[in-house]
């Protein structure tokens with residue numbers, strides 16, 4: 001999911017354990033797999049794979065030093081975003097994988113995630129702001145495409 | 001009551017422990033504040049959402065899982081009726097007011113889809129029916145309040161315990177069975193079903209299909 005500015009340092013065992021708990025809280029009754037095999041690697045990415053329908057935990061699940069909404073989003077909000085990818089995939093939404101249209105899908109996913117019941121109001125705001133930033137980026141990218 | 005999720009994750013026992021609870025033993029849960037007063041409540045996600053479904057809690061900006069305890073489709077496969085099955089609350093004095101709050105909460109948090117009819121079955125004794133129309137009135141009082149029809153009472157014998165103490169699952173089962181019978185039946189003179197005919201519900205679901213614990217896509 002991640003744009004620039006989030007954590008890149010490999011997660012510790014304790015951090016991975018926390019993420020597993022957060023994932024369990026988000027999923028509630030419906031158990032979903034989250035794969036942690038890459039999380040202890042530097043610069044690993046948190047992502048949803050349509051191929052195996054699983055979420056992969058990465059170093060960038062943690063916020064970083066960036067100032068944008070995406071960079072400061074909490075672990076819970078980041079995982080809610082990935083859960084939203086999984087739920088949208090099950091609903092039959094086909095993701096666009098190319099720029100700039102994947103930005104719209106990411107924006108929709110952040111909006112979807114922002115409604116999750118366990119999120120704090122700050123997490124909701126960050127996800128909504130993230131959606132706005134991605135749509136702004138889509139306009140910029142689309143304009144660039146037309147001009148070139 | 002409004003509650004405010006904190007986003008905190010910890011391992012503890014869920015304070016609420018509804019039928020859906022996944023943290024009766026220490027398990028990952030979250031923390032919410034009740035407002036006003038800011039009392040901390042440790043709660044698992046299923047219980048958090050169940051409190052919303054029960055009309056007890058509201059969470060600003062949140063949606064809950066969209067599902068129907070029982071869903072009834074017309075023969076052309078259009079969702080006509082969503083049923084929420086509940087037990088009579090122990091502390092509630094005004095049942096009709098409580099029923100309206102349950103429906104309001106379900107709609108406000110997207111817990112049920114917009115359908116022509118919404119039935120709140122409050123066991124052991126009362127059914128509330130809303131006939132929805134545009135524009136959708138979220139605060140609307142029920143259009144019909146009725147006792148449990150004889151056809152539904154007949155299924156109480158199949159419950160492993162009295163309707164007061166039966167599980168939500170068993171109450172959903174008997175409601176499903178009754179609605180299946182109703183959808184297949186011919187119009188009768190049964191006075192306990194008059195509200196079903198007057199409201200148009202019978203015509204809407206006649207020869208339709210009945211599904212228990214239906215997940216309904218947004």
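The values are calculated or read from the model by the stated rules, or taken from the named source; none is laboratory data. It should be emphasised that the depicted structure is a prediction, and the values quoted were computed from it without experimental measurement. Because the Cβ atoms are built from the backbone with ideal geometry, glycine has one as well, and the counts that use them run over all protein chains shown.
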Legend entry - Any chance residue A:91 is within 14 Å of chain B (Cβ to nearest Cβ) and either more than 28 Å from residue B:41 (Cα to Cα) or at pLDDT below 95 (or both): yes
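Residue B:93 - would you say it is in a loop (DSSP other than H, G, I, E, B), assigned by TED's automatic domain parsing to the domain that holds residue B:139 and either in contact with a strand residue (DSSP E or B) (Cβ under 7 Å, 6 or more places away or on another chain) or over 26 Å from residue B:126 (Cα atoms) (or both)? Steps first, answer last, please.
Numbers: in a loop (DSSP other than H, G, I, E, B): yes; assigned by TED's automatic domain parsing to the domain that holds residue B:139: yes; either in contact with a strand residue (DSSP E or B) (Cβ under 7 Å, 6 or more places away or on another chain) or over 26 Å from residue B:126 (Cα atoms) (or both): no.
The answer is no for residue B:93.
If you check residue B:46 against the conditions, is it within 20 Å of the chain's Cα centre (by Cα), in the same structural domain as residue B:209 (by TED's automatic domain parsing) and over 25 Å from residue B:116 (Cα atoms)?
Details: within 20 Å of the chain's Cα centre (by Cα): yes; in the same structural domain as residue B:209 (by TED's automatic domain parsing): no; over 25 Å from residue B:116 (Cα atoms): yes.
In short, no.
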Inset, instruction - Would you mind finding the one in B:83, B:72, B:52 that is touching a helix residue (DSSP H, G or I) at 6+ places or on another chain (Cβ under 7 Å) and assigned to a helix (DSSP H, G or I)? - result: B:52
Inset, instruction - Can you work out which of the residues in the stretch A:90-108 that are farther than 22 Å from residue A:32 by Cβ and part of a helix (DSSP H, G or I) is nearest to the chain's Cα centre (by Cα)? - result: A:107
Legend entry - Pick from the stretch A:1-22, criterion surrounded by 16 or more Cβ atoms within 10 Å (Cβ to Cβ) and in contact (Cβ under 8 Å) with a residue 60 or more places away in the chain, ranking: nearest to the other protein chains (Cβ to nearest Cβ): A:19
Inset, instruction - Only one of these is out of contact with any helix residue (DSSP H, G or I) (no Cβ under 6 Å at 6 or more places or on another chain), without any contact (Cβ under 8 Å) to a residue 60 or more places away in the chain, in a strand (DSSP E or B) and within 13 Å of another protein chain (Cβ to nearest Cβ): B:9, B:31. Name it. - result: B:31
Legend entry - Selection status of residue A:130, more than 15 Å from residue A:50 (Cβ to Cβ), crowded, with 20+ Cβ neighbours inside 10 Å, more than 14 Å from chain B (Cβ to nearest Cβ) and modelled with pLDDT of 90 or more: yes
Inset, instruction - Could you please let me know if residue B:24 is assigned to a loop (DSSP other than H, G, I, E, B) and out of contact with any helix residue (DSSP H, G or I) (no Cβ under 9 Å at 6 or more places or on another chain)? - result: yes
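Take the residues in the stretch B:1-11 that are over 16 Å from residue A:27 (Cβ atoms) and modelled with pLDDT of 95 or more, then tell me which one is surrounded by the fewest Cβ atoms within 10 Å (Cβ to Cβ). Talk me through it step by step, then tell me what you get.
The initial filter retains those residues of the stretch B:1-11 that are over 16 Å from residue A:27 (Cβ atoms), namely B:1-4, B:6, B:8, B:10.
So of that shortlist, the ones also modelled with pLDDT of 95 or more come out as B:3-4, B:6, B:8, B:10.
Values: B:3: 22, B:4: 15, B:6: 18, B:8: 16, B:10: 13.
Filtering the stretch B:1-11 for residues that are over 16 Å from residue A:27 (Cβ atoms) and modelled with pLDDT of 95 or more, the one surrounded by the fewest Cβ atoms within 10 Å (Cβ to Cβ) comes out as B:10.
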Inset, instruction - Sort through B:161, B:110, B:165, B:133 and tell me the only one that's out of contact with any strand residue (DSSP E or B) (no Cβ under 8 Å at 6 or more places or on another chain), within 14 Å of chain A (Cβ to nearest Cβ) and either modelled with pLDDT under 90 or more than 23 Å from residue B:202 (Cβ to Cβ) (or both). - result: B:110
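One residue is enough: does the stretch B:153-160 have a residue meeting the conditions loosely packed, with under 13 Cβ neighbours inside 10 Å, over 21 Å from residue B:210 (Cβ atoms) and out of contact with any helix residue (DSSP H, G or I) (no Cβ under 6 Å at 6 or more places or on another chain)? Don't jump to the end; show me each part of the working.
In the first step, residues of the stretch B:153-160 are kept if they are loosely packed, with under 13 Cβ neighbours inside 10 Å; the result is B:157-158, B:160.
This time we only want the ones that are over 21 Å from residue B:210 (Cβ atoms), so: B:160.
Cutting the leftovers down to out of contact with any helix residue (DSSP H, G or I) (no Cβ under 6 Å at 6 or more places or on another chain) gives us B:160.
Scanning the stretch B:153-160, I find at least one residue that is loosely packed, with under 13 Cβ neighbours inside 10 Å, over 21 Å from residue B:210 (Cβ atoms) and out of contact with any helix residue (DSSP H, G or I) (no Cβ under 6 Å at 6 or more places or on another chain), so the answer is yes.
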Inset, instruction - Looking only at the stretch B:67-82, decide whether some residue is within 11 Å of the chain's Cα centre (by Cα), surrounded by fewer than 22 Cβ atoms within 10 Å (Cβ to Cβ) and either in contact (Cβ under 8 Å) with a residue 24 or more places away in the chain or away from chain A (no Cβ under 14 Å) (or both). - result: yes
Legend entry - Breaking point among (1) within 14 Å of chain A (Cβ to nearest Cβ); (2) farther than 30 Å from residue B:145 by Cα; (3) surrounded by fewer than 20 Cβ atoms within 10 Å (Cβ to Cβ), for residue B:43: (3)
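With under 22 Å from residue B:49 (Cβ atoms) and in a loop (DSSP other than H, G, I, E, B) as the only criterion, which of A:119, A:111 stands out? Before you say what the answer is, go through the steps one by one.
Numbers: A:111 fails: in a loop (DSSP other than H, G, I, E, B).
The unique qualifying residue is A:119.
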Inset, instruction - Taking the residues in the stretch A:28-76 that are touching a strand residue (DSSP E or B) at 6+ places or on another chain (Cβ under 8 Å) and within 14 Å of chain B (Cβ to nearest Cβ) as candidates, determine which candidate is surrounded by the fewest Cβ atoms within 10 Å (Cβ to Cβ). - result: A:32
Legend entry - residue B:121 crowded, with 17+ Cβ neighbours inside 10 Å and either under 11 Å from the mean Cα position of the chain (by Cα) or over 15 Å from residue B:85 (Cα atoms) (or both): yes
Legend entry - Considering residues of the stretch B:12-28 that are within 10 Å of chain A (Cβ to nearest Cβ) and in contact with a strand residue (DSSP E or B) (Cβ under 7 Å, 6 or more places away or on another chain) only, the residue surrounded by the most Cβ atoms within 10 Å (Cβ to Cβ): B:23
